[in-house]
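Coordinate-derived values only; no laboratory data. What you see is a predicted model; the values in this text were computed from it and never measured. No Cβ is skipped: glycine too gets one built from the backbone with ideal geometry, and neighbour counts run over all protein chains shown.
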Amino acid sequence: MDPNVALFLTIAGIVLLLILFLWLVPLGLWFNALLNGVHVSLVQLILMRWRRVPPGIIVNALITGTKAGIKLNRDQLEAHFLAGGHVVPVVNALISADKANIGLDFKAATAIDLAGRNILEAIQTSVIPKVIDTPPVAAVAKDGIQLIAKARVTVRTNIKQLVGGAGEETIVARVGEGIVSAIGSAASHKSVLENPDSISKLVLSKGLDSGTAFEILSIDIADVDVGKNIGAILQMDQANADKNIAQAKAEERRAMAVANEQEMKAKAQEARAKVILAEAEVPLALAEAFRTGNFGVMDYYKLENLKADTNMRDAIGKPKTSPKKDEEIK
């Protein structure tokens, strides 16, 4: 083998071994921790690699906590990382809580973080209250006028209720329910417009923050608008419904009357048909009477004279009318 090639391969192997050694044994990280007063052995840093824990995250967290005067345990940080937690936000939250004189220990902080809460944001909200704007809430006063209110809720994080406590959605829902109840119990919409703070007082008195991860500091009514006259709309709808019912009943009665009239006409036509049939049998009866000798010629003349006399009397008894009146009557 060429001596130059052998020398090159030897140098390359040494470089690779040096890189592998520095990766397995992070001397720079160990030296940085030593300078900042954090005592972590090289063996522990190597074992972190084998435990699939990034040594940089754990060492930097220990350095940050030590500089802030907070005692942290390396094993606890590793256990929290392996459990799926976020080490850096937890340490930062512990530092923020300590500076703000908020009682928060490592166990509670990790529990909040593993519960899915943003622990650092929760600490910041506990120090600086957060404002939640509720969507427009529509409610109807006793006089039937609709009011649409918007509220601004100022809340502060309740550290003890972060695990298992309800979130912002529950606060918004409860405040909306309180606004509806407050407006609905008002005798007039004018009283609400004159004193919108009455809504805030009533909502605050109900303790809507119980069982939530927040503490309500104040509820301010940002805007109140007048909506529809719901009472008048309901009365109009009721009147229209009553009118439709009355029209339906009247149509039913009319249909019954028409049916009864048609039935009476049918019965009258049937009766007239029977009379016509009976009258049609009269000539046959007269002919039969002539043949059998029960009815003579003189009897026939008397019958015709009687009919003529009856027709004359009917004509005399009818009132005389002019042609115009006859046309009007027709």
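Calculate, for Glu177 and Asp143, the FRET efficiency according to 1/(1 + (r/R0)^6) with r their C-beta to C-beta distance and R0 25 Å; round to the nearest 0.05.
On the way: r = 21 Å, r/R0 = 0.85.
Efficiency, from the Cβ-Cβ distance: 0.75.
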Residue of Asp299, Asp237, Asp223 that the Gaussian network model of the chain assigns the largest fluctuation, springs spanning Cα pairs under 10 Å: Asp299
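Within the chain, what percent of beta bridges assigned by DSSP are antiparallel, to the nearest 5? The partial results should precede the final answer.
On the way: 20 of 21 bridges.
If I count the DSSP bridges inside the chain, around 95 percent turn out antiparallel.
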Among Gly178, Gly293, Gly69, residue whose mean-square fluctuation peaks in a GNM of the chain (springs only between Cα atoms under 10 Å): Gly293
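What does the charge dipole of the chain about its Cα centre add up to, to the nearest 20 debye, if the Cβ of each Lys and Arg holds +1 and the Cβ of each Asp and Glu holds -1?
Numbers: 37 positive and 36 negative charges, 74 e Å.
I would put it at about 360 debye.
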Unit charges at the beta carbon, dipole of the stretch 210-278: most positive-side option, Leu217, Ala278, Met264: Ala278
Contact order normalised by residue count of the chain, Cα under 8 Å, 6+ apart, percent: 11
What is the gain in length, in nm to one decimal, between Asp105 and Val282 on full extension, counting 0.36 nm per residue of separation less the C-alpha to C-alpha distance? 51.3 nm
Can you pull the one-decimal nm distance between simple spin-label points at Ala79 and Asp133, each 7 Å off the Cα toward Cβ? 4.5
For the pair Asn294 and Asn32, how long in nm is the line joining their label points, each one 7 Å along Cα→Cβ? 14.2
To the nearest 10 degrees, how steeply does helix 297-317 sit against the main Cα axis of the chain, on a 0 to 90 scale? 60
Which three lengths, in whole Å and largest first, does the chain cover when its Cα atoms are put on their principal axes? 169, 76, 36
Simple spin-label estimate for Gln235 and Glu194 in nanometres, 7 Å along Cα-Cβ: 2.2
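Share of Cα-Cα pairs in the stretch 71-200 beyond 21 Å, in percent? Intermediate results must be reported in sequence, preceding the final value.
Details: 4497 of 8385 pairs.
In whole percent, the long-distance tail amounts to 54.
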12 Å cut-off, amide nitrogen to a point 7 angstrom out along Asp220 Cα→Cβ, residues in the stretch 116-153: 131-133, 151-153
Top mean-square fluctuation among Leu208, Leu277, Leu104, Gaussian network model of the chain, C-alpha springs under 10 Å? Leu277
